[in-house]
Every structure is written in C-alpha cells, then in structure tokens.
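The values are calculated or read from the model by the stated rules, or taken from the named source; none is laboratory data. From a predicted model like this one, the values you see are computed outputs, not experimental measurements. All Cβ positions, glycine included, derive from the backbone under ideal geometry; neighbour counts span all protein chains shown.
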Amino acid sequence: MFFKIAPDSVMKPGYPRNRWIPVVMLVWSTWIFATPVFSGKHGWLWPTLASFVVFLLLYWRAYFGPKAHVLWCALGMAVLACLLMPINDGGWCYAIYSCAFIAFTGPTPRVAMWRMFALNIAFTIELAFLQAPWIFIGTSILVSMAVGIMNVFFRRNQQQDAELRLSHDEVRRLAATAERERIGRDLHDLLGHTLSLVAVKSELAKRLLERDDRQAARREIAEVERVAREALAQVRSAVTGIRAAALISELASARLLLESAGVAFEYRAPESPLPAEAETALALALREAITNIQRHARAMHARVEFAIESGHVHMRVHDDGRGGIGAHGNGLTGMRERIEAMNGTLSIRSERGQGTELEIALPLPIVETKPARELPRPPAETPAMHHA
C-alpha cells in the first residue's frame, strides 16, 4: 500500500509527460554527498546514507501518496535537514526539498506560502546557532524560497487548468442541451403543421367515403400522400443537417481538447454535406484520432482535412508528434474494423520522430439519375367542353 500511486497525488496517474520528473529532480540530492567532500568534514558518511534512505521513502510518498500525506513528508524532510546539518552542511538540500513540497500543502497557495516562511525562519535560527557563514545562510534561504515559490505558481496553474477543464465540460454540456432543444424545436416546427394537415385531410377523406363521394375522397388521399412525401423529404434533410452538425461539433471539441493541452489545431470542414453513415463514421474516427494525439503524440501542431476524390470522401489527420505508433494500437483496431465494414480504407504513416498521418477513405453512394417521367397530356378541348 505504501508504494501505491494515489489518485489525488501530486504526480497524478495518467500523466505520461511527467513520469520522469521525480527521477530528474533527484539530481539535486547529489549535493548532500558532494558538499561534505569539499568541506573536509569527517564522520558524515554513514549518518548521511541512513538519512538518505529515509529521505527516498518520504520523497516517494510525497510525490505519489495522497495529498493529505504531503505535509507530513515535507516536515519529515525538514527534520532530516535539522538533524543532519550539524555534521553535514549538505543536509540543507533536505530543507530545499521540504520547501518544494510544502508548496502543495494547505487549502490555498497563501497558506502554503506562510508555512514556507515559518520553515525557513526555523532553518535560519538553526544555521545561526551552528555559526554558519551568513553568505551560506542567505544563499540557502534564497534558493529554498525560490524553489518553493515556483512550485506555488505551478500549483496555481494546475488549479486554473482544472477550473478551465471544468468550464469546458460545462460548455459542452450546455451546447449539447441547446442542440437537443434546437432539434426539438425544428422537428416541432417541421412536423407539427404537416401532421395536423394529414390528420384533417384523412378525416375529410373518411367522411367523403361515408357519403360515397369516391372521386373527392381520392383527391384528398392523393393530397395526404403528397404532404407525407414532402414531410419525409424535409425530415431526411433535417437529419442530414444534424449529422453534419455532429461532425462540426466534433471538430470544435477537438480544437478545445488539443488547444487546452497546448497543441495548435487547424481544420478545414467538408465543403458539401455527406451521407449520414459517412458522417457518423468519420466523427467517431476523428474522436479516436484526436484522443490519441492528446494522450500519446506529444505534438505541437495538428491538422484535419477533408476532400472528395474519385467517388470517395477522404479525411486526413496529421500531427507533428513523436510518431512510431503501431498500426494495431491505441484504439486503431476498432477504428479500422468500423471503416472496413463500410468498404472503406484506413492508412497510417507514422515514422518515428516525423509525426503521424492517418487517412480514411469512404466510398460515396452512386446517385442514379432517372429520366424525367413524362406528365400526361391534358385531353383535347372539345366544343362541348368549351360550352360547359
């Protein structure tokens, strides 16, 4: 349980870009051993090694344990500094690490700052009691405060990023709600009058049949058929627009996701409406591709383009990330199966260090042009008809 990574730790799980930071930050601990070597003190080695083992345990727990444990780990490092400094001037490095982690404690950054000041006052009193040179005291205090203040600003940026993500989620939720309301209004406006007209016409045809006026009933039934066909065409047009809006909103969500992660994103939307099935498949593929870029590519720029060529619609997704992705990893297998089920193709070019380009081609349905049906000619006018 001690080495288990907590979900609320300083180094949260699922942050691949930051996984080497704890190892890199240990480089500064070399001063714990280098300082006494240059100062010429004796009897420091075994106490320093013992303290360093304890420090590594506290260091691990401060980075990967629950946030509630960070304060106690930081105070433990401060105690190590106070115990080691009488025999090893390099023990001050423990104080720097202590201030670095104190920045992540407390309900607010202001509380962390006050704790940091109190800690440095205690260190200053001890160093003065040990008769350390004032230049050493001033430099040490300056370094520890600088490291702590940098982490305070880093913490504030983390909080602002979290608030920004929450606001983005709220924007998406409100946009989805507005879209549902718009669809409801459109369908009500589109079908309300039409269905009322169909009901009235049908009732009229029924009454005409009861009166045995078959000719008039046929006219009303034909009118009902015409209105129903027009309504069906309007519904299909509206559904096509909704599908297109879904793809456009997916592009907007992609821009929001990538630019929040520091990736510049540009796209060129389809110039003409696409079939509903193609819209849905491309939207799902785009979502998977953008998620892969945000999580794995480490890219700085990404681009999405659409083109219609040779009876196919093409979607190209390009990024300038690290490349080298497998053709069957990162959710690409499911994407390939969906595309191939629609007789489409998916190709990936991903050389290591040269980014990744994903291209999807889906066939468009062939629109058959039927010859225009010749309308029946009106009967020739007779004298009797003219007289009537």
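Could you check how many residues of region 308-321 are of a type in the set (Asp, Glu) and surrounded by fewer than 16 Cβ atoms within 10 Å (Cβ to Cβ)?
Of all residues in region 308-321, those of a type in the set (Asp, Glu) come to 309, 319-320.
Narrowing the set further to residues that are surrounded by fewer than 16 Cβ atoms within 10 Å (Cβ to Cβ) leaves 309.
Counting residues in region 308-321 that are of a type in the set (Asp, Glu) and surrounded by fewer than 16 Cβ atoms within 10 Å (Cβ to Cβ) gives 1.
Taking Gly321 as the residue in question, decide whether it is under 30 Å from Gln158 (Cα atoms) and in contact with an Asp or Glu (Cβ under 9 Å, 6 or more places away or on another chain). Even if it seems obvious, please write down each step before you answer.
On the way: under 30 Å from Gln158 (Cα atoms): yes; in contact with an Asp or Glu (Cβ under 9 Å, 6 or more places away or on another chain): no.
Criteria not met by Gly321.
One line per residue, one yes/no per condition, for (1) of a type in the set (Lys, Arg); (2) in the same structural domain as Ile87 (by TED's automatic domain parsing); (3) farther than 26 Å from Leu71 by Cα:
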residue: Arg115; (1), (2), (3): yes, yes, no
residue: Ala122; (1), (2), (3): no, yes, no
residue: Val143; (1), (2), (3): no, no, no
residue: Asn151; (1), (2), (3): no, no, no
residue: Gln159; (1), (2), (3): no, no, no
residue: His193; (1), (2), (3): no, no, yes
residue: Ser196; (1), (2), (3): no, no, yes
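Here is a yes/no grid of residues against (1) small (Gly, Ala, Ser); (2) under 28 Å from Leu274 (Cα atoms); (3) modelled with pLDDT under 85; (4) surrounded by 12 or more Cβ atoms within 10 Å (Cβ to Cβ):
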| residue | (1), (2), (3), (4) |
| --- | --- |
| Leu197 | no, no, yes, yes |
| Val200 | no, no, yes, yes |
| Ala205 | yes, no, yes, yes |
| Glu210 | no, no, yes, no |
| Val227 | no, yes, yes, yes |
| Leu232 | no, yes, yes, no |
| Arg236 | no, yes, yes, no |
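A quick yes/no check of all residues on (1) at pLDDT below 85; (2) assigned to a loop (DSSP other than H, G, I, E, B); (3) on the phi > 0 side of the Ramachandran plot:
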site	(1), (2), (3)
Glu340	no, no, no
Ile360	no, no, no
Arg373	yes, yes, no
Ala384	yes, no, no
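Could you grab the pairs with beta carbons closer than 7 Å, sequence gap of 6+ or different chains, first residue in region 196-219 and more than 22 Å from Ala231 (Cβ to Cβ), second one loosely packed, with under 15 Cβ neighbours inside 10 Å?
Leu208/Ala216
Within region 169-185, is even one residue surrounded by fewer than 12 Cβ atoms within 10 Å (Cβ to Cβ), without any contact (Cβ under 8 Å) to a residue 12 or more places away in the chain, assigned to a helix (DSSP H, G or I) and more than 27 Å from the chain's Cα centre (by Cα)? Before you say what the answer is, go through the steps one by one.
Going residue by residue through region 169-185, those that are surrounded by fewer than 12 Cβ atoms within 10 Å (Cβ to Cβ) are 169-170, 173-174, 176-178, 180-181, 184-185.
The next check asks that each one be without any contact (Cβ under 8 Å) to a residue 12 or more places away in the chain; those that pass are 169-170, 173-174, 176-178, 180-181, 184-185.
So of that shortlist, the ones also assigned to a helix (DSSP H, G or I) come out as 169-170, 173-174, 176-178, 180-181, 184-185.
Adding the requirement that they be more than 27 Å from the chain's Cα centre (by Cα) leaves 184-185.
Checked against the condition, which is being surrounded by fewer than 12 Cβ atoms within 10 Å (Cβ to Cβ), without any contact (Cβ under 8 Å) to a residue 12 or more places away in the chain, assigned to a helix (DSSP H, G or I) and more than 27 Å from the chain's Cα centre (by Cα), region 169-185 yields at least one hit.
Need the failing condition index for Ala176 against (1) among the hydrophobic types (A, V, I, L, M, F, W, C); (2) more than 30 Å from Val79 (Cα to Cα); (3) modelled with pLDDT of 85 or more, just the number.
Among (1) among the hydrophobic types (A, V, I, L, M, F, W, C); (2) more than 30 Å from Val79 (Cα to Cα); (3) modelled with pLDDT of 85 or more, Ala176 violates only (3).
Tell me, please, whether a residue that is at pLDDT below 90, over 26 Å from Tyr63 (Cβ atoms), in contact with a helix residue (DSSP H, G or I) (Cβ under 8 Å, 6 or more places away or on another chain) and assigned to a helix (DSSP H, G or I) can be found in region 140-151.
Within region 140-151 (the criterion being at pLDDT below 90, over 26 Å from Tyr63 (Cβ atoms), in contact with a helix residue (DSSP H, G or I) (Cβ under 8 Å, 6 or more places away or on another chain) and assigned to a helix (DSSP H, G or I)), the answer is no, since none of the residues qualifies.
Run down Phe101, Phe64 and say which single residue is surrounded by 14 or more Cβ atoms within 10 Å (Cβ to Cβ) and modelled with pLDDT of 90 or more. Step through it out loud before you land on a result.
On the way: Phe64 fails: modelled with pLDDT of 90 or more.
None of the others qualify; the one that does is Phe101.
Please give the number of the condition Pro16 fails out of (1) under 30 Å from Ala261 (Cα atoms); (2) at pLDDT 90 or above.
Checking Pro16 against (1) under 30 Å from Ala261 (Cα atoms); (2) at pLDDT 90 or above, the one that fails is (2).
Within region 297-312, which residues are more than 18 Å from Ser253 (Cα to Cα) and out of contact with any Gly (no Cβ under 6 Å at 6 or more places or on another chain)?
Of everything in region 297-312, those that are more than 18 Å from Ser253 (Cα to Cα) and out of contact with any Gly (no Cβ under 6 Å at 6 or more places or on another chain) turn out to be Ala307, Ile308, Glu309, Ser310, Gly311, His312.
Please state which one of Glu305, Glu279, Glu259, Glu288 is within 16 Å of the chain's Cα centre (by Cα) and surrounded by 15 or more Cβ atoms within 10 Å (Cβ to Cβ). It would help to see each step written out before you state the result.
Numbers: Glu305 fails: within 16 Å of the chain's Cα centre (by Cα); Glu279 fails: within 16 Å of the chain's Cα centre (by Cα); Glu259 fails: surrounded by 15 or more Cβ atoms within 10 Å (Cβ to Cβ).
Only one candidate qualifies: Glu288.
Determine which single condition Arg219 fails, assuming it passes every other condition in (1) surrounded by 12 or more Cβ atoms within 10 Å (Cβ to Cβ); (2) within 30 Å of Ser253 (Cβ to Cβ).
Status for Arg219: all satisfied but (2).
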